[in-house]
Each structure stands twice: as C-alpha cells, then as structure tokens.
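Let me begin by presenting the structure, written as structure tokens, before commenting on it.
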Protein chains: 2
Amino acid sequence: MDNAQSAGSAGLADFFAAATAIVGAQWVRSEAEELEPYGWVAIPFGREVHMPAGVVSPASLEELQGVVAAANAGGVPVWPTSTGRNIGYGSSSVADPGTVVLDLRRMNRISDYDAELGTVVVEPGVTYSDLQLFLEQQGDDFWLDFPGPGPIVSPMGNTLERGHGVTPYGDHFAHSCGYEVLLSDGTLMRTGLGGVDSTGSWQSYRYGYGPTLDGIFTQSNFGIVTKMGMWLMPAPESYRTILASWPDYADIDKLTDAVRGLRLDGTIATEGVLGNSTIFLAATRSRADVYDGPGAIPLDMTIDLARQAGLGAWNYVFTLYGRPDKVASDYAECQRRLEASGAQLMDARDEQAINELTLKSFALFNWTGGGGLAWCAPVAPMRGRDMRRQFDLVREVMDRHGVDFMVGTAFGERAALNVMPLVFDREDEAWMRRVQQCYGELMDALTAAGFGIYRTSIGYMDQVAMRHGEANLEVNRRIKRALDPAGIIAPGKSGIRI
Amino acid sequence: MDNAQSAGSAGLADFFAAATAIVGAQWVRSEAEELEPYGWVAIPFGREVHMPAGVVSPASLEELQGVVAAANAGGVPVWPTSTGRNIGYGSSSVADPGTVVLDLRRMNRISDYDAELGTVVVEPGVTYSDLQLFLEQQGDDFWLDFPGPGPIVSPMGNTLERGHGVTPYGDHFAHSCGYEVLLSDGTLMRTGLGGVDSTGSWQSYRYGYGPTLDGIFTQSNFGIVTKMGMWLMPAPESYRTILASWPDYADIDKLTDAVRGLRLDGTIATEGVLGNSTIFLAATRSRADVYDGPGAIPLDMTIDLARQAGLGAWNYVFTLYGRPDKVASDYAECQRRLEASGAQLMDARDEQAINELTLKSFALFNWTGGGGLAWCAPVAPMRGRDMRRQFDLVREVMDRHGVDFMVGTAFGERAALNVMPLVFDREDEAWMRRVQQCYGELMDALTAAGFGIYRTSIGYMDQVAMRHGEANLEVNRRIKRALDPAGIIAPGKSGIRI
C-alpha cells in the first residue's frame, strides 16, 4: 500500500475497515494477489504503474453511498468502473497511484423498460449481454447498438466513455437520456427531467430545464453515474450490409469525400467502419503467418494480401436499414456514388450491425499474441485531404517505431474517428517500450498538427488534456473543485485533478 | 437607477464611465427614455418589473472583454443578449433588477464557412436573415433551419435557448458545434476541439476530449458565448410538405402514437408542428372576428371553424426530404399509417420547412391585439395518454382564467415539446393579470403532475428551476460559483445565482 499518496496507509486502512462494514469482507480487496486481476492492462505500461490500491465492490446505491462517504471523509481517491473492461484504454486500472477501484459490476439492475418509447434504465454493472437477454424476454421489439467487445462490456461504461457502435444509434452518448449521479459529498442528482417529482418523462427528453449537464459526466470524474437511461432502436423492417473496397492507399482521399456526401444527405444513416488492409488481415491471420521481417509490416504487403482475398487497401462495411424499397433505393444510390469513387461493392455480414453479440473484435489480440493493445484515436474532419494528412503523419511515426499501421474508422457526418489499435506482445519488453514511445509521439504529433483526440488511455490523459487547451483544462478543474472539493473521484481522469 | 441592487448607483456610474471609454458614448445607454425599447416585453408583467438598468453595446470581442472586466471589477450584473428578440420569453429584458443589458448585436461576423463539411461560425448578432444572404452568396448549397420568427432572430441566441425548427436540423443545439466562451474573469475558452492549437477540426466534432461542456452554456449564465459553430443542412434533392388533420380533440391519443411510430423508425425525419384548431385559426383571423363571449374561446367553436376550412381539431404539418423515390415511399407509408389513425392528408406549403424566411409566426399577435404573449412550454412523453393528460390539465387551468388554449407541438421521437402561446392584450390590465396568474398555476400544475418544462420566461425562472429538483439547482449554483464567482453574468437566468 506504499503507493497511496492522498490518504496515507493509515487513512487507507481506516477506509477499508469502513468499507468492510458496509459491503462485507469478501467485497473488499487490498492484498497484492487479490488486486492482480484489476491490474491487468493491455496498454504499454508495466502493471505496477497503474495498479489500484484496493478494490471495493458495493452491491447497491445505498452501499455505494456509504463507501463514497467513507472515501470522502478519509480523502481516499476512488476510481469507479462499471465492468472494468475498458481494454486498450486502461481496463480496470487507475490513473494515479493510491487510487482504490470502486467495482460497480454488482450494481446490475435493469429497470423502467418502456415498450412504447423504446427506453430502459441500466445500472453500471449491466452488460450488453444482460440487456439483450432482457429485451429478448420482453418481445424483441428493439435492437441494441453494441461497441466492438459487446457481450462483456457495460452500456453505461461505454456510453460515459463516449463509445460508438455501427447502427443508427451508434453515437451512444447521443442516445442516452437521463443520468442519476452521486457526488462525492453525498448529493444525489438526476439530470434532464429526473429532478421533477414523480416524473414519467425522465427517459423521453434529454436536455431538461436550464443548463444541460449530461455531457460533463462523460470522460469525466465529476461524479459517479449510478443509473443511465438508454434509447433503444426499433427493430428495422429489413437491412442490407455492404462491403465497399477501394484498391489503393491513395484512394482515401476520394473515398472520404464520397462517403461524406452519402452521410450528409442521410443515404447512409450509420457510421459503419472503414478498415485498412492490415486491420482486415488481423481479423483472420496472425502476424507471424505473413511477415517475419524487421520493423512494421509493409503496407504494400497487406494491400496485396487484401487484394488476393477480394478486398482492397480500404474496406468500408456499413448497413442500410428500413423498409425494403428504401433500402433498395439507398443501395442503388450508394452503388452509383461509391463506384464512381473507385469502389467495388459486395454484400457482407456484420454481426455487430444486426443485433448479434460477438467477441470477434478480440481477434486483434491474435495478431501478435502477448496481449498488448493501445488505442490511438484521433479525430479527422471528413475531408479526403485531412484523412490523408493524418494517416501519413501516423504512418511516419509508426514506421519509425516498427509499429503496424491499422485503423478502423467510424465515419460521422463531418468528423471521422480514426481508431487505431497499436498491437504488441507485452512479454517483449523492448516492443512494449517502443509502442509506449510511439504512442506518446503520436499524441504529440497529432495535436501539434491540429488534430483532436477522441479518447485515450490512463497512461496519456495528462498529455492529451494539456494539448486540448489550457483554458479548457482549467475550466474542468474549476468544475471539479466545485463538484468534488476533496478531489476523491478518479483523480487524473481526462487529466483532471483538483 | 434606484433598482440597482448589486452594484449600487456609484458602482453603476463607474461602470458606465468605464464602458463609455471602451465602446463610445453612443453605445452606452442609461437614461430611462433610452432604455424604453429594451424594456419592451410581451410577457404579462409591467415593463418596470424587468427593466434593464442600462445597455452597453460592444462591437467586438475585445470591446466585450473590456466591458466584462469592468463589470466584474465593479460587481455590476450584465445580461447578454444576441438580438434581444426572445419574444414571449422576456425579449431583451432582464430577470433581476439592476442588471445591465449587454446588447451583442453589433458583434455580427460570419466566418469559417466550409462548403465541404457544411459548417459556419457566427457571432451573437448575426441573424438568420444575415446568414441566409451569406449562404446565397456562397452558392446556395445549404439550407438553414429557422425558428418561428426566423428573419429577425439570431441563430446563436435561439440555439443557446435550445430553440427548434422544422427541418431534420430542427434541434438547433444538437446541430451546433464548438463555442467560444468568455467567462467573467476574462478566461476565453473554446469548447470541443477548439482548444487544440491551429485546429481545422473545431466545427467537425462536437464532444472534444474529456467532459463535454457545450450543454452547460445553454439556458445558462455560466459564461458569454461569443462564437458558435453551426452545422448546415445540404439542400435536399426534393421535398414534400404534408398537412395531416384529425377531426376530434380525443384523437390526440391515437395520432400521437401513430406519429411516434413514424418518428421512431425514421419515416418522418423532422419534428414538424402539430397545431390545434385554435392556433390555426389565429394564423388568419382575429379573436374578435369569431368570438365575443365571456372567458376562453370554446374549443368546440374553433374545431367547427377548422372543419369548415377543411382542417381538424389537430393539424400536423411536416415535410419529407430526399431523393424523389424515397420521398414517395415515405409519403405512402405516412399515408397508410396516419389514415389508419383517422387522419386526412393533403399537400401543404410551409415556408419555414423549405428555407424561406417568414414573419408569419407574428400573426399570433393579431389574435387579440395589444402585444401580449407568454409561451408555456411543457414537455410530454410521446405517448397518446400523456399528451391527453397534459392537455386536459392545461385546458382546465386556462379555462378557469379565461385564457385560450392554443398549442403548437414539436414532435421529437420520444418527447413532444408542447409550445403554447398565451396571447392577450397588454393594454387590458385585468387580462394581463389573469394571464400572469394562469401561467404561474400552469407551471405549478404541470410540474406537480410530473411534467418537465422545456423553456420559460424571465418572469418564472425561479419557480420553474425549483420544480426541476433542488439537487440540480444546487449543482448549477456550484458550477456558477466556480465559473462566475462574482455572479455578474445574467443573475436569475434559469433560476441560477451564486
């Protein structure tokens, strides 16, 4: 426990004693071997760097309130996790040493399902799998929008990190409605219309009256969200999943402009995923199968392999939903405009797009073996030349460090989230250090080139926050001090401390 | 100036002197006759109640910074307005006595137009009319989404109040992207990705890194927004505007459920407006033409008149946009499902829906004459029974006070914003007091019945804020104290003070 900085060992011991009285001894962990699973990270840091100082697992709001009161009284920093599977961003580890994980997976109630409005309320520990089972039992009228590691992660955790999926409900934050939030001083508030006594409107309208607060509880440490309303997508009448492929790396320019047009006029209502040749290769092959040379795998080689498999340098998988005649009309329009940009189209299958849970995204780990993964996730404006500029910049840095360039892009209407997995073998210390160095340089180079970052891991939050504006960070600190004066909730999250 | 409470007359005089040195004498007003136009309100209060203590009109960010520094130093409360046409919600008047209007209409620059992404940046004083002219000059590739009083109001003002229009971009807040905000201590920040040095991404991605702050600057007094990014709708290939009418008041139940289905599955991509018989009547007739009896105009009478004009008790105007074959397909689906709910459909024309500015919404003032208008704007979940319950409740209160029941509803997917104009003659003191009383009772009765309020006027902000949860109001106060410690920006806005 010598890494406890804010509370000191005595404070921490008192806190564990208080927590034990509230949740029971089996739900408080403070011995090194018990903490091992919580220290498991895929990001390129030794496990000790972000190891939690303990874990407390309350089963209910009431228990959580007691635990938070004890933490606040003792100045013990706590790091709330929902299911703790923020893999490649820090898993269930903590940003700052001495922080105790509040593992909320036992708070896993599903409530307030509304079959007319298509809304439901979840606690932190509910997984997509839990929720899908629940909806099936209710009659299967609604679909979920999953992130990549769908079955095992939490809708709340993913939404509060502002995660994305591939259906028209892919912007998870935009489809959440109404949070219950516990502040460190015990204040329990409900955002949106949740503060109106006996309201039946909490999940129907997001903004509430006065300032709209939901956004400040995402990628944030201002409070602990204990309930979240979700909007559910009505099961579509029909759908068609398409894979469009462009042969050459340089096609990124014209493909981006073509897709932007289809996104802006609503022909394609979803973000879909644009993957490069290497990330497609990694879904089915291991790196050692195809390359044993030095440095990063040559992009030309993966493009050749992709072409042999009927794919291209760029491969865009997206799904059209709706009445059959509309899907047919949208398909014809996509075909006309994407083919004009040099694409070949074929029909495809995407479990994530059609309400089928899959663990396929974990195939990435087979690329190198060794369980190393760090997501580099810059934003690019949806202009061909900006995408090209960003990818060229990233490739230069990655090549220098011998890191393979893979990217899966979520195409918004005006911005692309270019989510790039840096995959490596954690057992290979030198490789891990190369990735660590590469990631830091990427953050610096991207923000220096004017690009923003969508999301980052606990290892780089300070660096990324500082590059998004000193004034912004200071405003966040002022709000932090106002809502969590003792600074006990997730210190370091998004670079914010009191 | 004897209503100055925070600053005192001496402080106020010093402030006006400092402001004069910054903006020039002709842009500082403090004499009663000069303030008269700023005290003009349509809401049911005497003009003296919310009369500003002065007006300062800076022409640039630099001037505004100087004026705010002087206000902060002297503890002088200031109330920023964009064009000051928040008619029926308080116009350019202020919530608390002693507050000086910061009239920002001279800050009216349009910048950073991006013809690829469909984005533009506006200052507070830009009107929809200015912006439309600008876009016409750029080639007319994009349409604006106007609120009712489109030509003369400001996109920024309307967006920050969370106003709505009738195209697929009708949720104005959701289509804004990136704010520049001046805090009372002189901090100038840019939300979203605006804090990244030399970024070209500010208008392309809303959320930024870390907590998303935009929402806290809407319906708010935490800072002064000096620039706002806007997303523009690509001009659609074709469109069709439809008027669906239902004959009876009781039809609200089944029509709401039918429209919800079409909204949820995306067949109708816009909110449109559902108007009752009385509000449709008020668009073309004056009250005295049709009714001279006591109390509120009988709803049955306006329904009869509507039917004679080929309309119904409920009339829903909405527009379908897109490629002609899709519009035809959506039309057929609307026809099938709305007719099944008892509607008659006809083609219609709606200037607001097709990028034509109109002042038609001001026809409401002709209903009674005398320039009295207060918007009562509760939210209802999009369930037939909730709409019916809310309207029954509102009618009971309005009937008791002799106020005519008019409503124009913006149909979201899961919530309806039921915007009800209480129209009256301000010259008739007794009528004005009846409306004042009625409005207060409506706010109480609606929130007591569990309904939230979308937006209210400066006359009722405290009352409404208190009914949306004590914890919420206290959290807002804590953020207020963090970002505006002297409490000089718009005290009383949304019930928030330090």
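The values are calculated or read from the model by the stated rules, or taken from the named source; none is laboratory data. What you see is a predicted model; the values in this text were computed from it and never measured. All Cβ positions, even for glycine, are placed from backbone atoms using ideal geometry, and neighbour counts span all protein chains on display. These accessible areas exclude ligands, DNA and RNA; they are computed on the full protein's heavy atoms, side chains included. Shrake-Rupley method; radii C 1.70, N 1.55, O 1.52, S 1.80 Å.
Quick notes on this structure:
- Among the residues listed as A:THR119, A:THR167, the single one being in contact with a Lys or Arg (Cβ under 7 Å, 6 or more places away or on another chain) and over 16 Å from A:VAL225 (Cβ atoms): A:THR119
- Residue-level analysis places B:GLY312 outside the set of residues that are in a strand (DSSP E or B) and farther than 27 Å from B:LEU144 by Cβ.
- Condition check for B:ILE252: in contact (Cβ under 8 Å) with a residue 60 or more places away in the chain, surrounded by 22 or more Cβ atoms within 10 Å (Cβ to Cβ) and farther than 19 Å from B:HIS164 by Cα: yes
- Residue within segment A:321-343 that is away from every other protein chain (no Cβ under 14 Å) and over 30 Å from B:TRP231 (Cα atoms) present: no
- Meets criteria (part of a helix (DSSP H, G or I), among the aromatic types (Phe, Trp, Tyr) and buried (at least 24 other Cβ atoms within 10 Å of the Cβ)) for A:TYR439: yes
- For segment A:374-391, the criterion of being touching an Asp or Glu at 6+ places or on another chain (Cβ under 7 Å), within 18 Å of A:ALA42 (Cβ to Cβ) and open to solvent by less than 30 Å² (accessible area, probe 1.4 Å) is met by no residue.
- Condition check for A:SER329: more than 30 Å from B:TYR239 (Cα to Cα) and in contact with a helix residue (DSSP H, G or I) (Cβ under 9 Å, 6 or more places away or on another chain): no
- Checking each residue in segment B:229-278 for being over 29 Å from A:ASP141 (Cβ atoms), within 14 Å of chain A (Cβ to nearest Cβ) and in contact with a Leu (Cβ under 6 Å, 6 or more places away or on another chain) picks out only B:PRO234.
- Residues that are closer than 20 Å to B:PRO168 by Cβ and in contact with a Leu (Cβ under 8 Å, 6 or more places away or on another chain), drawn from segment B:346-373: B:ASP347, B:ALA348, B:GLU351, B:ASN355
Rundown of residues vs (1) over 18 Å from B:ASP185 (Cβ atoms); (2) aromatic (Phe, Trp, Tyr), yes/no style:
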residue: B:PHE15; (1), (2): no, yes
residue: B:ILE22; (1), (2): no, no
residue: B:GLU34; (1), (2): yes, no
residue: B:TRP40; (1), (2): yes, yes
residue: B:ILE43; (1), (2): yes, no
residue: B:ARG47; (1), (2): yes, no
residue: B:PRO52; (1), (2): yes, no
residue: B:VAL56; (1), (2): yes, no
residue: B:ALA71; (1), (2): no, no
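- Failed item in (1) in contact with a helix residue (DSSP H, G or I) (Cβ under 8 Å, 6 or more places away or on another chain); (2) within 14 Å of chain B (Cβ to nearest Cβ); (3) surrounded by 21 or more Cβ atoms within 10 Å (Cβ to Cβ); (4) in contact (Cβ under 8 Å) with a residue 24 or more places away in the chain, with A:VAL196 passing the rest: (4)
- Each residue in segment A:168-193 was checked for being facing another protein chain (nearest Cβ under 7 Å), more than 30 Å from A:GLY266 (Cβ to Cβ) and assigned to a loop (DSSP other than H, G, I, E, B), and 1 pass.
- The set of residues from segment B:118-147 being part of a loop (DSSP other than H, G, I, E, B) and either more than 16 Å from B:THR83 (Cα to Cα) or of a type outside the set (S, T, N, Q) (or both) comprises B:GLY118, B:GLU123, B:PRO124, B:GLY125, B:VAL126, B:GLY139, B:ASP140, B:ASP141, B:LEU144, B:ASP145, B:PHE146, B:PRO147.
- The one condition in (1) surrounded by fewer than 19 Cβ atoms within 10 Å (Cβ to Cβ); (2) closer than 24 Å to B:GLY46 by Cβ; (3) not charged (D, E, K, R) that B:SER111 fails to fulfil: (2)
- Answer residue from segment A:407-434, given it is part of a helix (DSSP H, G or I) and out of contact with any helix residue (DSSP H, G or I) (no Cβ under 7 Å at 6 or more places or on another chain) and is least open to solvent (accessible area, probe 1.4 Å) among those: A:MET432
- B:THR212 vs. criteria buried (at least 20 other Cβ atoms within 10 Å of the Cβ), within 11 Å of chain A (Cβ to nearest Cβ) and under 23 Å from the mean Cα position of the chain (by Cα): yes
- Sole exception among (1) in a loop (DSSP other than H, G, I, E, B); (2) open to solvent by 10 Å² or more (accessible area, probe 1.4 Å) for B:GLY450, by number: (2)
- Counted residues, segment B:172-193 - those being touching a residue at least 60 places away in the same chain (Cβ under 8 Å) and open to solvent by 20 Å² or more (accessible area, probe 1.4 Å): 3
- Among the residues of segment B:479-495, those that are open to solvent by 20 Å² or more (accessible area, probe 1.4 Å) and more than 7 Å from every other protein chain (Cβ to nearest Cβ) comprise B:PRO485, B:ALA486.
- Residue, surrounded by the most Cβ atoms within 10 Å (Cβ to Cβ), within segment A:28-74, restricted to residues that are small (Gly, Ala, Ser), more than 28 Å from A:ILE110 (Cα to Cα) and in contact with a helix residue (DSSP H, G or I) (Cβ under 6 Å, 6 or more places away or on another chain): A:GLY74
- Test: B:SER201 is at the interface with chain A (Cβ under 8 Å from one of its Cβ atoms), in a loop (DSSP other than H, G, I, E, B), under 20 Å from the mean Cα position of the chain (by Cα) and of a type in the set (Ser, Thr, Tyr): no
- Selection status of B:SER220, touching a residue at least 12 places away in the same chain (Cβ under 8 Å), among the small types (Gly, Ala, Ser) and within 13 Å of chain A (Cβ to nearest Cβ): yes
- B:ALA363, sole failed condition from (1) hydrophobic (A, V, I, L, M, F, W, C); (2) closer than 16 Å to B:ALA445 by Cβ; (3) surrounded by fewer than 24 Cβ atoms within 10 Å (Cβ to Cβ): (2)
- Selection from segment B:297-309 of residues that are open to solvent by 20 Å² or more (accessible area, probe 1.4 Å) and touching a residue at least 60 places away in the same chain (Cβ under 8 Å): B:LEU299, B:ARG307
- Exclusive hit being closer than 30 Å to A:GLU333 by Cβ and open to solvent by less than 20 Å² (accessible area, probe 1.4 Å), set A:GLY312, A:GLY261: A:GLY312
- Of all residues in segment A:456-478 being within 7 Å of another protein chain (Cβ to nearest Cβ) and of a type in the set (Lys, Arg), the one that is least open to solvent (accessible area, probe 1.4 Å): A:ARG478
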